[in-house]
1. Taking 0.36 nm per residue of sequence separation and subtracting the Cα-Cα distance, how much length would be gained by fully extending the chain between Ser84 and Gln377, in nm to one decimal?
2. Determine ³J(HN,Hα), in whole Hz, for all residues of the range 175-181 in sequence, where each value follows from phi through the Karplus function 6.51 cos²θ - 1.76 cosθ + 1.60 and θ = phi - 60°; x replaces Gly and Pro.
3. Quote the charge dipole size of the range 213-365 about the Cα centre in Debye, to the nearest 20; the model charges only the Cβ of Lys and Arg (+1) and of Asp and Glu (-1).
4. Between Gln160 and Asp239, what is the spin-label point distance in nm, taking each point 7 Å from the Cα along the Cα→C-beta axis?
5. Full extension from Gln186 to Gln265: what is 0.36 nm times the residue separation minus their Cα-Cα distance, to one decimal in nm?
6. Is the shape of the range 66-216 best called rounded, prolate or oblate, per the rule: a/c under 1.5 gives rounded, else a/b larger than b/c gives prolate, else oblate, with a ≥ b ≥ c the square roots of the Cα gyration tensor eigenvalues?
7. List, in order, the whole-Hz ³J(HN,Hα) value for each residue of the range 301-308 obtained from phi through the Karplus relation with A = 6.51, B = -1.76, C = 1.60 and θ = phi - 60°; use x for Gly and Pro.
8. If R0 is 25 Å, what FRET efficiency do you get for Arg231 and Asn305 from their C-beta distance, rounded to 0.05?
Amino acid sequence: MLSSSFVIWAFTLEALVFSVPGLGRVAASQTEKRSSVTHRHRRESRKASRTAPRSRKAATRHTEVKWSTAAQGELAEGQKLQASGSLNNAILHYETATKLEPNWPEAHNALGSAYSQQRKSGIAMLEYLRAIRLDPAYAEAHYNLGTLLRAQGNLNGAAQQFERAVQIDPDNAGAHNDLGLTYAQQGKLGPAIQEFRSTVGLKPGWAIAQDNLGNALAMGGDLDEAMTSYRNAIALEPDWAQPYNNLGNVLRQAGNIEAAIEQYQKALERNPKYAVACNNLGLALQQEGNLNDAVKQYQRAIGLNPDYSTAHNNLAAAYYQKKNWNGAISEYGQVLRLKPNDAAGHFNLGLALKATGDRKAALAQFQRAQKLDPGNQQYQSAYESLRNAADTPEASTPGSSDKTSLKSSTDGPD
């Protein structure tokens, strides 16, 4: 028989969402769009960029060289066009500037930033490299190249460029922040926290930096200090939903479910379309024993983002707990539609199928889970137990009689 000790790995918390200030800068007043924050926070990131957008020594050195008036005019016009979103026309002016002054680093950097906004990474990288070759101490070009490399998943290369940028220009808050983000992605929490502290020290009124510091501290297990950072972010930007969500996560992790629910609700008051906060509110409500309202929040999250696999997983687990086997099977099917090689998804679907008495289909799912994760003893035991059970009466279904058997797992930062 399948032992009742088997558990359904059910509820997943969307934990920490880091904010990325920009994808490259052409000049002090320009920052590319980012998807993880609101337009208001894009403007805030531009303000932070103005504090030290590039090496002042490099900037001085660039102005000491007498670039032609025509080239300077082309660069200025390109910057205006880029700021207005007219990238093709901006590129024409930047290219003219580089033809008039082939050795002008700032023109090549500007051209790279425009190509980067068009997602033409290869050409953008060449232009950043040209700018750096012409001026190895050009901090902004190093920063922009680092941002491009990080977007491509080259974290080691990105870290090297950000490190060079802050070495040249220690007062560049944006570069410290992005270096911290890269370290966090690499799992280097100590250095990440140090960089975020440097960012906050340089720009204490920057809510994004406070929120990112809170995320890194939470990842490192320092929940109290993380809460302080999130509250600092909220005080600076009370209409920004994200730090409320993140504060809710650490409160939940600390066991204060009621306070966590309050923070998730505040996040949703500020952004009713915040699917992640809906999911997390559902999880907190489920932990409080309010399963019906939890289901509504998971459904709300899915309504906002139909491809949100975490919410599908959590809704499936809630249905499972309510013994709504068909609902659970349907939702685990959605999880596997989005993540077909998710071993846990196949295992959980197998548990739901087994609960309906469909042993053959359940066995196929257990076998698939085992093949995807051959080292998982739970998957192997479930498969072997069901295969050997033949016509033996079913054991109690996992999670049906013991709510504590439902475990939660925590996703890393997005």
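Laboratory data are not the source of any read-out in this text; all were calculated from the coordinates shown. Fair warning: this is a prediction, and the values are worked out from it, not measured in the lab. No Cβ is skipped: glycine too gets one built from the backbone with ideal geometry, and neighbour counts run over all protein chains shown.
1. On the way: separation 293, 0.36 × 293 = 105.48 nm, distance 5.73 nm.
Here the answer is 99.8 nm.
2. Taking θ as phi minus 60°, the curve returns 5, 4, 4, 6, 5, x, 4 Hz for the range 175-181.
3. Here the range 213-365 has a charge dipole of around 760 debye.
4. Placing both labels 7 Å along Cα→Cβ, they lie 4.3 nm apart.
5. Details: separation 79, 0.36 × 79 = 28.44 nm, distance 3.17 nm.
Extra length available between Gln186 and Gln265 comes to 25.3 nm.
6. Values: a/c = 2.09, a/b = 2.01, b/c = 1.04.
Since a/c reaches 1.5 and a/b is larger than b/c, the shape of the range 66-216 is classed as prolate.
7. 4, 5, x, 6, 9, x, 9, 7
8. Values: r = 28 Å, r/R0 = 1.11.
FRET efficiency, Arg231 to Asn305: 0.35.
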